[in-house]
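Trainee: Below is the structure I would like to discuss, written out as structure tokens.
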Amino acid sequence: MTTQKIEKIIIQTLRDLIDSLSIKRPNKLTKETVLFGDGGILDSMGLVSLITDLEEKIEQEFNVSVILADDRALSQKMSPFRTIRSLSHYVFKLIKESDQDGKG
Amino acid sequence: MGKAEVVLISGASRGIGRFLAEHFLRKGSVVYGCSRSPVDWKRDRYFHHALDVANERQVNRLFSSIRRQQGHLDITINSAAIASMNHFLLMPIATAKKIVDTNLIGTFLICRESAKLMKKARYGRIINFSSIAVPLKIEGEAVYAASKSAVETLTCIIAREVAPYGITCNAIGPAPVKTDLLRGISAEKLGRLLERLSIKKFSTFEDIANLVDFLTAPASGSITGQVIYLGGP
């Protein structure tokens, strides 16, 4: 598992979501694409869908069940849901922790 | 329908939950049940998970199983509940917290994970359990009734938030039902309580199943955010 792989999963999930919501897709989806907040491509309902779709994809791909909108995520000064990069780092951390808990 | 209807019932080891599990099994559904303890009975198409409904990790594991094994969930019934009748001056805080955890947090958690799974199919029916103790404001049930009151509000707001996904969320408030939850309430007190209802009798499991069938029917897609009391308050 690498953050690059997670970024790919996020981008694919986001593409599917954008198509299903028929919202305007930015020219390119990159690590720096702003997901939510000022200049973000998703509204609050879009973010809800991205998070829940992503939880499912992560479970399929890595066989771990994670809750992305946990207390830490919601209390951080810099939201992990701001960009694809910040989200992929956050997901990476959660999966790692979940692996360690599973072994512990 | 190609795929079998998948139903999740919390509190399935006894009482209302057990009855509803058997009810849906008779109708040919695949039923996932959960309760704090394992069950000593087995049925075809029935899968039991022993868990605490307020434990996020344990609840997640249950949903991972449903997702892996069935890929979808049609109906969720949150019947897990605990009660402890006591004058509020004598209510231990640990008991009060346990009641809120199981009745409110447990219902919230199972609703949340159910809606995530149902949302994919853009279809789902969620039923929560309130109680006639809410409108009747029964003495001795302050924390229990308050937790059920919270379940009603939760139900109504969830109903709004899941409506775009084709999911409905309603609550049933039965009159007293002869289950373990009534253990310890005197016959005299129960008699006085029934007197305050419009229909002065206990609710039966069949009364509840009838309403569950109505609310979970595919044709009931426009009925959401409702709290229906059996016996009338």
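Trainee: Go through segment B:89-109 and give me each residue that's buried (at least 20 other Cβ atoms within 10 Å of the Cβ) and within 14 Å of another protein chain (Cβ to nearest Cβ).
Mentor: Within segment B:89-109, B:L109 is the sole residue that qualifies.
Trainee: Here's another thing I want to ask about it. Pick out the one residue from B:R26, B:R14, B:R61 that is in contact with a Ser or Thr (Cβ under 8 Å, 6 or more places away or on another chain) and either within 14 Å of chain A (Cβ to nearest Cβ) or without any contact (Cβ under 8 Å) to a residue 12 or more places away in the chain (or both).
Mentor: The conditions single out B:R61.
Trainee: To continue, here is another question. Of the residues A:L21, A:L35, A:L87, only one is in contact (Cβ under 8 Å) with a residue 24 or more places away in the chain, surrounded by fewer than 18 Cβ atoms within 10 Å (Cβ to Cβ), under 25 Å from B:E161 (Cα atoms) and in contact with a helix residue (DSSP H, G or I) (Cβ under 8 Å, 6 or more places away or on another chain); which?
Mentor: On inspection, the qualifying residue turns out to be A:L21.
Trainee: Are there any helices (runs of 4 or more DSSP H) wholly within segment B:120-233 with 1 or more residues that are closer than 23 Å to B:A83 by Cβ and of a type in the set (S, T, N, Q), and if so which?
Mentor: B:142-162
Conditions tested, residue by residue: (1) within 14 Å of chain A (Cβ to nearest Cβ); (2) touching a strand residue (DSSP E or B) at 6+ places or on another chain (Cβ under 9 Å); (3) in contact (Cβ under 8 Å) with a residue 40 or more places away in the chain.
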position	(1), (2), (3)
B:S149	no, no, no
B:E152	no, yes, yes
B:C156	no, yes, yes
B:A159	no, yes, yes
B:A163	yes, yes, yes
B:C169	no, yes, yes
B:L181	no, no, yes
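Trainee: Are there helices (runs of 4 or more DSSP H) fully within chain A with at least 3 residues that are more than 14 Å from every other protein chain (Cβ to nearest Cβ) and in contact with a Pro (Cβ under 9 Å, 6 or more places away or on another chain)? List them.
Mentor: Because the criterion is at least 3 residues that are more than 14 Å from every other protein chain (Cβ to nearest Cβ) and in contact with a Pro (Cβ under 9 Å, 6 or more places away or on another chain), the helices (runs of 4 or more DSSP H) in chain A that meet it are A:84-103.
Bear in mind these aren't lab numbers, they're just calculated from the coordinates by the rules spelled out. Because the structure is predicted, anything quoted here is derived from the model rather than measured. Neighbour counts run over all protein chains shown; Cβ positions are idealised from the backbone, glycine included.
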